[in-house]
């Protein structure tokens, strides 16, 4: 019996320990949200809001809700973005979201103005 206990203890002592691996953290993503407003600071429902990922060139679009609110979620922290709202013949300036902005949620209101003549 002592031989078996000694043998079992030796096997445990010699058995390879599982490799220590730190837990992989999920990447922390960021969000951009705000209001689409007209020149009188009234909320604009149904405005098209486009966000372009500068690194990939991919553009995603959303519409402002009935209160003028829009939101883009799960954005890569290491990418830069350009965002713009349009509604009928109105457009906002192109705004930029920098990869250096370390906030998790970036508030950004977009104010519509008449689009410049082409």
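The values are calculated or read from the model by the stated rules, or taken from the named source; none is laboratory data. These numbers come from a predicted model, not from an experiment. Positions of Cβ are generated from backbone atoms using ideal geometry, with glycine treated the same way; all protein chains shown enter the neighbour counts.
For this structure, a couple of remarks:
- Count - residues of the range 78-103 that are loosely packed, with under 14 Cβ neighbours inside 10 Å, touching a strand residue (DSSP E or B) at 6+ places or on another chain (Cβ under 9 Å) and within 20 Å of residue 61 (Cα to Cα): 5
- Look at the range 41-60: where a residue is on the phi > 0 side of the Ramachandran plot and at pLDDT 95 or above and a partner is part of a loop (DSSP other than H, G, I, E, B) and surrounded by 12 or more Cβ atoms within 10 Å (Cβ to Cβ), sitting 6+ places away or on another chain with Cβ atoms under 8 Å, you get 46/64.
- In the set 40, 67, 45, 61, only one residue is in contact with a strand residue (DSSP E or B) (Cβ under 7 Å, 6 or more places away or on another chain) and part of a loop (DSSP other than H, G, I, E, B); that residue is 67.
- Condition met for residue 74 (within 13 Å of the chain's Cα centre (by Cα) and modelled with pLDDT of 95 or more): no
- Pairs are defined by a Cβ separation below 7 Å, a sequence spacing of at least 6 or placement on different chains, a first member in the range 96-109 that is more than 15 Å from residue 51 (Cα to Cα), and a second member that is loosely packed, with under 11 Cβ neighbours inside 10 Å; the pairs so defined are 104/28.
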